[in-house]
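The next block holds one structure in the form of structure tokens; read it before the comments.
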Protein chains: 2
Amino acid sequence: LAKKQFQKIQEKNRMSDQLIPPYNLPDSNRQVILRHRATGIPQAEDFSIEQGHVPAPGDGEMLVRAIYLSVDPAQRGWIVDTNNYSAPVAIGSVMRALAVGVVIRSNHQDFAEGDFLYGWLGWQDYAVIGPEQVLSHIGQPKIALSAYAGVLGLNGLTAYLALSKLGRPKDGETVLVSTSAGAVGSVVGQLAKHWGCRTLGITGSDDKVKQCIDSFGYDAAINYKTAPVAEQLANITEGGVDVYFDNVGGPILDASLRTLNINARVVQCGTASIATWVPLPTGPRNEREILTRRLVWSGFVIFDHADEIPAAREALEKLVKDGHINYLEDIDAGIEHAPGAIASLYAGDNSGKKLIYIGE
Amino acid sequence: LAKKQFQKIQEKNRMSDQLIPPYNLPDSNRQVILRHRATGIPQAEDFSIEQGHVPAPGDGEMLVRAIYLSVDPAQRGWIVDTNNYSAPVAIGSVMRALAVGVVIRSNHQDFAEGDFLYGWLGWQDYAVIGPEQVLSHIGQPKIALSAYAGVLGLNGLTAYLALSKLGRPKDGETVLVSTSAGAVGSVVGQLAKHWGCRTLGITGSDDKVKQCIDSFGYDAAINYKTAPVAEQLANITEGGVDVYFDNVGGPILDASLRTLNINARVVQCGTASIATWVPLPTGPRNEREILTRRLVWSGFVIFDHADEIPAAREALEKLVKDGHINYLEDIDAGIEHAPGAIASLYAGDNSGKKLIYIGE
């Protein structure tokens, strides 16, 4: 499975080789526009695809052609207008998104035409951006271009920084990961393994359990859909868990907390299992676990760590190049896949980092 | 109120001046014995008072006369046999407790007869202990003897170490404290104030609100019984809260979490508002708060920090002597008050650190 997917990725990447300057200036710009503010998971019908214009870059700006659009669980949070960590996307505007693209006109001295970059391009063909919207100035890619939107993008960087800074796994410790085959989780598991830990995964299908073991090197993994999580965890967590890296919240989190050793760290990196926070969902009280197990439970948002991204990307790039980190990508071709992509992600239909290729 | 209580304490302390060696060897030992394992809050009828014998100290041990028995919320946890951080007290044995006492026979070179100490004496007149059961070797007290069981004992040390190590308040930040007039909370509030913070308290009566302001220097305090906590907090938390020091858990915790600033710290030091954890109580899910506010939520148990206790006690002793920390004590005289004391504590009947004087 893994090998077949890697081949598919390589084929897709070949398409982007055609994107070498000079380019014709485009005369139309397909844009995915937010139409309704969903309170739950945004569906295809909450968006429309429109023909927008291609703006000219001003002083210090550049015109960038998007190639790989990123689809991220966090996008759901960028749409809702309650209780979040960034201003919500305005109705009628281009959906906020990260993407890998290539500079086709530059009025900024640090960026040359033909440079690749990863940043806030939105779900559209062309974006005019300034350097502050660039997360990674790739230049010319050292590995497959799509990787810069996934394993070297927000997902991999989140895994690297959240695990190293908040999880702080020590050699010989046990690390438990939810969505362990996902774009963040799979990197967390492999980093923890590379750093000398025993790694345990929680995922949502038997195929993904196999993927965890075969592709991502987990020592054990469970499918949370087949039997109660607490029972399944009891079978694989002998000796207890020292770091729990959580991407889901909810009952999986509750069960995982109760496997933790004294002084364990919990990294709260996402809450993907909770479809809506309005009304506020309830669950068992966990404050006694925090106290008696002396947990340190921390929330992680990558954008707090912008200064550390370049060093983290470099470290990850080397680990990927040296074969220490495998990654899976699930790439659809065509912008028409974007509107339904967030819902598809939350349904668990993807296998690996979900991207939309629009570089044709 | 505060002044009157301080006078009462001084009178009580005078009684202990009579406790100077040489002592007669005692021929009986009143002991408070645990009779039933309460799942909720232990009541007077869960204990009995018995006449035990006075054992002779062995090699390296000492015989200690207890003077001030400590009553602590944590004692409830020492009785229940589920989900806790120390082995439960055995049925039929002396109730585990801290106390201040005086050495009346010593077979240990570091402890002289007449030395005062604070340690694991249990609820009884006489205990034979080794040095490993001593938390503080007081020697001769520099301030009122009772203080060594409260503001310089487990409560004050917990406040000092949990706030400084896990809360990490910075000059100019806002610190919110639950049970803000209590034995731990009142010290947390005063330390935070001394370290340059704005301090806010949550307590359970209008008298205690007044005490918070007048005796403990809080900038504002609320009585959680008079109106919804969230509404009351909204009135005093403009600018947000940077450190929440929680001793109660439950709905007060839930409301407090929702006042926190980005990167706030939560110190989980107790869960006194939850009468029982069997069955597991439920509440609103808080993982989204941890994530979006990038909280660091840590559990604190003083016994993990034994190495740091001597330095913390010295720092606190100086702060108390120099008048930077006020404290209130609620002292009953006579061991017959012990069996009902934990229930009384949870009912909020006390005003300040609850002690039982048995040095008569």
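The values are calculated or read from the model by the stated rules, or taken from the named source; none is laboratory data. Only a predicted model underlies this, so the values are computations on that prediction, with no experimental measurement involved. Using ideal geometry, Cβ is built from the backbone for each residue, glycine included, and neighbour counts are taken over all protein chains shown. The area values use the complete protein model at the heavy-atom level, side chains included, leaving out ligands, DNA and RNA. Shrake-Rupley method; radii C 1.70, N 1.55, O 1.52, S 1.80 Å.
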note = Sole miss for A:Leu280 among (1) closer than 22 Å to B:Leu280 by Cα; (2) in contact with a Pro (Cβ under 8 Å, 6 or more places away or on another chain); (3) more than 7 Å from chain B (Cβ to nearest Cβ); (4) open to solvent by 20 Å² or more (accessible area, probe 1.4 Å) is condition (3)
request  = Give region B:255-266 a look and list any residue that's β-branched (Val, Ile, Thr) and at the interface with chain A (Cβ under 10 Å from one of its Cβ atoms), or say none.
outcome  = B:Ile262, B:Val266
key: Top-ranked residue of region B:236-254 - restricted to ones that are away from chain A (no Cβ under 12 Å) and in contact (Cβ under 8 Å) with a residue 12 or more places away in the chain, ranked as surrounded by the most Cβ atoms within 10 Å (Cβ to Cβ)   = B:Phe245
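Which residue, of A:Ser180, A:Ser146, A:Ser186, A:Ser164, is open to solvent by less than 10 Å² (accessible area, probe 1.4 Å), over 24 Å from A:Val64 (Cα atoms) and part of a helix (DSSP H, G or I)? It would help to see each step written out before you state the result.
Details: A:Ser180 fails: part of a helix (DSSP H, G or I); A:Ser146 fails: over 24 Å from A:Val64 (Cα atoms); A:Ser164 fails: open to solvent by less than 10 Å² (accessible area, probe 1.4 Å).
Checking each option against the conditions leaves just A:Ser186.
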task = Would you mind stating whether B:Tyr346 is in contact with a strand residue (DSSP E or B) (Cβ under 7 Å, 6 or more places away or on another chain), among the hydroxyl-bearing types (Ser, Thr, Tyr) and away from every other protein chain (no Cβ under 14 Å)?
result = no
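Counting only residues that are among the polar types (S, T, N, Q) and modelled with pLDDT under 75, how many does region A:13-64 have? Write out each step before concluding.
Here is the first cut: in region A:13-64, the ones among the polar types (S, T, N, Q) are A:13, A:16, A:18, A:24, A:28-29, A:31, A:39, A:43, A:48, A:51.
Narrowing further to those that are modelled with pLDDT under 75: A:13, A:16, A:18, A:24.
Residues flagged as among the polar types (S, T, N, Q) and modelled with pLDDT under 75 within region A:13-64 amount to 4.
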remark   = Selection from region A:203-235 of residues modelled with pLDDT under 95, over 19 Å from the mean Cα position of the chain (by Cα) and open to solvent by 40 Å² or more (accessible area, probe 1.4 Å) yields A:Asp207
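Scan region B:289-303 for residues that are at pLDDT below 95 and either open to solvent by 10 Å² or more (accessible area, probe 1.4 Å) or more than 7 Å from every other protein chain (Cβ to nearest Cβ) (or both) and jot them down.
B:Ile302, B:Phe303
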task = Return yes when B:Asn235 is of a type outside the set (Lys, Arg), over 23 Å from B:Arg313 (Cα atoms) and in a strand (DSSP E or B) and no when it is not.
result = no
key: Residue check for A:Ala227: away from chain B (no Cβ under 14 Å) and either in contact with a strand residue (DSSP E or B) (Cβ under 6 Å, 6 or more places away or on another chain) or free of Cβ contacts under 8 Å to residues at least 12 places away in the same chain (or both)   = yes
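Right, B:Ser273: more than 30 Å from A:His305 (Cβ to Cβ), polar (S, T, N, Q), within 14 Å of chain A (Cβ to nearest Cβ) and buried (at least 18 other Cβ atoms within 10 Å of the Cβ) or not? So that I can check it myself, show each step before the final result.
Values: more than 30 Å from A:His305 (Cβ to Cβ): yes; polar (S, T, N, Q): yes; within 14 Å of chain A (Cβ to nearest Cβ): yes; buried (at least 18 other Cβ atoms within 10 Å of the Cβ): yes.
Judged against the criteria, B:Ser273 is a match.
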